[in-house]
Amino acid sequence: MADEFVVTIDGPAGSGKTTTAREIARRLNFVLLESGAFYRFVTWALLKQGVLPGKFPHYEGLRSLISSLLKEVRVKLSPEGTVLILNDQPLKEELRSKEVENWVSFVSAHPVVRETITSFLRDLVKGREVVTEGRDMGTVVFPKANLKVFLTADIEVRAKRRANDVEDRNLEEIKRNLLERDKLDSERELAPLKKPEGALEIDTTNLSIEKVVERIISEIERRKVSRMKT
Ligand code: DC
């Protein structure tokens, strides 16, 4: 079995992290851990159970509720991505619904939600070669990752990229939604979106995915070689 090797890619929505992370995982045959899926899953489940809006249980109640939700779910990690399977059904579109989009930043700002998902994610990657993407992968979840990357891009470009991913929304609405999400994600007290210490920062506004991927892969290779020498 290969030694554990963790690459974290953080950045705001539309910075290219998902596409970049997937391409790297495919080329290097690493598994792709999409951390947002877990925040979306918890949000979706809380909505479904009627706990949202406004009926959040107290601290310990919430912890056990989320732990039991995570116990029920099966996680399939591959270079293609992260699939959460509940009662033998893979969860897909439901995790990307408008309702989930509207609530996920609120839910993910809660300390109990973050703690529980963080420790779940750490257990998942043990002993694996993994590319993981999110908001706090390099700052909080895997601060000792072998390589930490922080992607940024102009809001206009990010909105256009998002517009290609979703139907039924105009560019202005997408832009407003992104700016609001950026604000919530980077101003929250706990695990805000920010550049991790020692991260390689790449502004993807004028770069093709190919260039971004090449740059990161050459850095991974360099670090693997230097690890072998030590
Ligand atoms: O990457 P995504 O769009 O699927 O993430 C959905 C939401 O989950 C995002 O608005 C913030 C939250 N999130 C988080 O707080 N921490 C992470 N590591 C990943 C996602």
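Of all residues in region 118-161, exactly one satisfies the criterion of being within 20 Å of residue 23 (Cβ to Cβ), more than 12 Å from the ligand (Cβ to nearest atom) and among the acidic types (Asp, Glu), namely 129. For residue 76, are the conditions met, namely being surrounded by fewer than 18 Cβ atoms within 10 Å (Cβ to Cβ), more than 23 Å from residue 188 (Cα to Cα), of a type outside the set (Asp, Glu) and at pLDDT below 95? No; evaluated as a whole, the condition is false for this residue. Of the residues screened, residue 164 is not one that is in a loop (DSSP other than H, G, I, E, B), away from the ligand (no atom under 14 Å from the Cβ) and either over 22 Å from residue 97 (Cβ atoms) or more than 18 Å from the chain's Cα centre (by Cα) (or both).
Considering region 79-93, the residues that are within 13 Å of the ligand (Cβ to nearest atom) and surrounded by 13 or more Cβ atoms within 10 Å (Cβ to Cβ) include one that is farthest from residue 23 (Cα to Cα), namely 91.
Test residue 148 against the criterion of being more than 20 Å from residue 106 (Cβ to Cβ) and not in a loop (DSSP other than H, G, I, E, B), and give yes or no. Steps first, please.
Working: more than 20 Å from residue 106 (Cβ to Cβ): yes; not in a loop (DSSP other than H, G, I, E, B): yes.
It is true that residue 148 is more than 20 Å from residue 106 (Cβ to Cβ) and not in a loop (DSSP other than H, G, I, E, B).
Among the residues of region 62-106, those identified as part of a helix (DSSP H, G or I) and of a type in the set (Val, Ile, Thr) are 66, 100, 104. Restricting attention to region 169-219, the residues that are of a type in the set (Asp, Glu), without any contact (Cβ under 8 Å) to a residue 40 or more places away in the chain and either under 20 Å from residue 22 (Cα atoms) or touching a strand residue (DSSP E or B) at 6+ places or on another chain (Cβ under 7 Å) (or both) total 2.
Here 118, 152 are screened, and the one residue that is surrounded by fewer than 21 Cβ atoms within 10 Å (Cβ to Cβ), β-branched (Val, Ile, Thr) and more than 16 Å from residue 33 (Cα to Cα) is 152. Name the single residue, out of those in region 1-43 being outside any helix (DSSP H, G or I) and polar (S, T, N, Q), that is nearest to the ligand (Cβ to nearest atom). Only one residue fits best here, namely 35. Taking the numbered list (1) modelled with pLDDT of 95 or more; (2) surrounded by fewer than 14 Cβ atoms within 10 Å (Cβ to Cβ); (3) not aromatic (Phe, Trp, Tyr) in turn, residue 196 passes all entries but (2).
The values are calculated or read from the model by the stated rules, or taken from the named source; none is laboratory data. Since the model is a prediction, treat every value here as computed from it, not as a measurement. Note that each Cβ is placed from the backbone with ideal geometry, even for glycine, and that neighbours are counted across all protein chains shown.
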